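Structure, as structure tokens:
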Amino acid sequence: MASNKKFATWAVSLTNFLDSSCIVAGASGLTLWTSALKLDNFQVGLLGALSANAFGSAIGALIGGHLSDKYGRKVIYTYDMLVYMLGTLIVVFSMNFPMLLAGFIITGIAVGARVPASWTYISETSDEGNRAKNIGISQFSWSMGPVIIFVAGTLLAPLGLLGNRILFALLTLIAFIAWLLQRGLDESQEWVEQKQKEKETGERPHPYKDLFSNAVSVKSVLFLIGVYMFWNLVAGAMGFFMPFVYETVGGLSNLQANLLQAVLWIFTALAGYFGFAMYGDKVNHRGFYFVGAAMAVISWLILTYVGMSWTALIAFVVIWGISAGIGAQAWYALWATELFPTKYRAGSQGVMFFVVRGSAGIWSIFFPLILQNMGFKAAGTFMIGLLVVSLVIGTLWTPKTRGKSLDEITKERYGDSEK
């Protein structure tokens, strides 16, 4: 049984790998597509705003979270991965802007639809002693996506646009493998029991009415958005614009910028596995969260006010990389699955993910304008402020869930009537 659960965790974690990979693959090939298809600034902005990094995944999460609660976690794995493959294949064979945009949108929606289901499934199939560990494994997988894409992109760079098409073909192949693995998984027992309870009692949960009519749930939504959104505004901008910042502000070559990002993601992956996965179930959550959040603030203080010497850049890459592995996204993934009842556990994540990724889409419009008109120091100061807000919210209101089963947490927060 334990080995089956371990296999399920790694199989579902491929979802996170494919999420981050398609974001980085899209961003890394943006200049190539712009040149080949002669895209204007508005079209480039649309690709960024409607991709898996922003509104595309935001819309997908809103849809997928609700469907996961209504029809089961496994339904998402059975069908959504096929939609993802359709999107990546459209990108591979894109000959014009409408095709490319359609591929980005479809891929983004597919990514967003899977994320609430994947984190929920991993949490519901974990025990109270390894829930953070399994979420950490999913974060490790998410971090390895950019590492592999950056390395593959560097090797394929001499091929130009063909190289980016090959990257998306590779993602299609990995998605097919993930589909084969995930379609054989058992349904979440927590979800099966919830549906049996609804059948016996005649209850018909409303995906959003139940969520927003409960004061405990509303407070949890606001807390988690506060933790994740302000951090993700920084991380999302970094994911799309950081190579551009390295090159225009720091004077690095494209190769140097991409290698720096690859190294950063390696530290994130290592910290996610050897930090969050190894210790998330064992140490005090408040202190652990504070360390990761404080490191994120320190890294941006260095980059913003020390400058972009190689010493500062290396310090930034190491400190931010580690902080991202043990930071807000990992905690959000854990707490978002713990703080809500089974009947709207995935749907609540869909709502929050919609807000978080949607806000990232809006911020991605303003960040380049701040960078261009006010300079990097002003943009960096904005980033520091956002990270401080996330640090304060997560540290002050850290939930006490360590060592408790999902049923115990739900009963403590909502009473015996909920599960």
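The values are calculated or read from the model by the stated rules, or taken from the named source; none is laboratory data. Here the structure is a predicted model, which means the values were calculated and not measured. Glycine also receives a Cβ, built like all others from the backbone with ideal geometry; neighbour counts cover every protein chain displayed.
The set of residues in segment 155-203 that are among the hydroxyl-bearing types (Ser, Thr, Tyr) and either in contact with a strand residue (DSSP E or B) (Cβ under 8 Å, 6 or more places away or on another chain) or at pLDDT 90 or above (or both) contains only Thr172.
For first residues located in segment 106-122 and in contact (Cβ under 8 Å) with a residue 24 or more places away in the chain, partners that are of a type in the set (A, V, I, L, M) and not in a helix (DSSP H, G or I) and lie 6+ apart or on another chain with Cβ distances below 6 Å form the pairs Thr107/Ala52; Gly108/Ala52; Val111/Ala52. Scanning segment 372-413 for residues that are closer than 13 Å to Ala294 by Cα and without any contact (Cβ under 8 Å) to a residue 12 or more places away in the chain yields Gly385, Val392. The set of residues in segment 65-107 that are closer than 20 Å to Cys22 by Cα, among the polar types (S, T, N, Q) and out of contact with any Cys (no Cβ under 6 Å at 6 or more places or on another chain) comprises Thr78, Thr88, Ser94, Asn96. Restricting attention to segment 271-286, the residues that are of a type outside the set (Ser, Thr, Tyr) and under 17 Å from the mean Cα position of the chain (by Cα) add up to 4.
Scanning segment 367-419 for residues that are aromatic (Phe, Trp, Tyr) and in a helix (DSSP H, G or I) returns Phe367, Phe376, Phe382, Tyr414.
In the set (1) of a type outside the set (Gly, Ala, Ser); (2) without any contact (Cβ under 8 Å) to a residue 12 or more places away in the chain; (3) more than 26 Å from Ile362 (Cβ to Cβ), the condition left unmet by Glu247 is number (3).
Restricting attention to segment 287-314, and to residues there that are under 24 Å from the mean Cα position of the chain (by Cα), more than 22 Å from Phe353 (Cβ to Cβ) and among the small types (Gly, Ala, Ser), which single residue is surrounded by the most Cβ atoms within 10 Å (Cβ to Cβ)? Only one residue fits best here, namely Ser299.
For segment 393-414, state whether one or more residues are under 30 Å from Val249 (Cα atoms) and either crowded, with 20+ Cβ neighbours inside 10 Å or in contact with a strand residue (DSSP E or B) (Cβ under 9 Å, 6 or more places away or on another chain) (or both).
No, every residue in segment 393-414 fails to be under 30 Å from Val249 (Cα atoms) and either crowded, with 20+ Cβ neighbours inside 10 Å or in contact with a strand residue (DSSP E or B) (Cβ under 9 Å, 6 or more places away or on another chain) (or both).
Candidates in segment 359-386 are the residues that are closer than 24 Å to Asp19 by Cα, more than 18 Å from the chain's Cα centre (by Cα) and aromatic (Phe, Trp, Tyr); of these, the one that is surrounded by the most Cβ atoms within 10 Å (Cβ to Cβ) is Phe367.
Mind checking whether some residue in segment 397-414 is of a type outside the set (A, V, I, L, M, F, W, C) and touching a Pro at 6+ places or on another chain (Cβ under 7 Å)? Yes, some residue in segment 397-414 is of a type outside the set (A, V, I, L, M, F, W, C) and touching a Pro at 6+ places or on another chain (Cβ under 7 Å). Taken as a whole, segment 199-208 holds no residue that is polar (S, T, N, Q) and buried (at least 18 other Cβ atoms within 10 Å of the Cβ).
Within segment 184-198, identify whether any single residue is outside any helix (DSSP H, G or I) and free of Cβ contacts under 8 Å to residues at least 24 places away in the same chain, and answer yes or no.
There is at least one residue in segment 184-198 that is outside any helix (DSSP H, G or I) and free of Cβ contacts under 8 Å to residues at least 24 places away in the same chain.
Per the listing Val351, Val389, Val356, the residue uniquely surrounded by fewer than 21 Cβ atoms within 10 Å (Cβ to Cβ) and closer than 18 Å to Leu222 by Cβ is Val389. Here Met95 meets each of (1) surrounded by 19 or more Cβ atoms within 10 Å (Cβ to Cβ); (2) outside any helix (DSSP H, G or I) with one exception, condition (1).
The single condition from (1) at pLDDT below 95; (2) closer than 21 Å to Gly145 by Cβ that Leu252 fails is (2).
Please go through segment 210-224 and pick out each residue that is under 18 Å from Thr342 (Cβ atoms) and in contact (Cβ under 8 Å) with a residue 60 or more places away in the chain. Result: Asp210, Leu211, Asn214, Val216, Ser217, Ser220, Val221, Leu224. Which one is nearest to Leu255 (Cα to Cα) among residues in segment 12-42 that are surrounded by fewer than 20 Cβ atoms within 10 Å (Cβ to Cβ) and at pLDDT 85 or above? For segment 12-42, the residue satisfying everything is Leu32.
Only one entry of Leu155, Leu167, Leu180, Leu171 meets the criterion of being more than 19 Å from Trp265 (Cα to Cα) and assigned to a helix (DSSP H, G or I), and that entry is Leu180. Just one of Ser57, Ser51, Ser126 is of a type in the set (S, T, N, Q), over 18 Å from Val12 (Cα atoms) and touching a residue at least 12 places away in the same chain (Cβ under 8 Å); which is it? That would be Ser51, the only listed residue that is of a type in the set (S, T, N, Q), over 18 Å from Val12 (Cα atoms) and touching a residue at least 12 places away in the same chain (Cβ under 8 Å).
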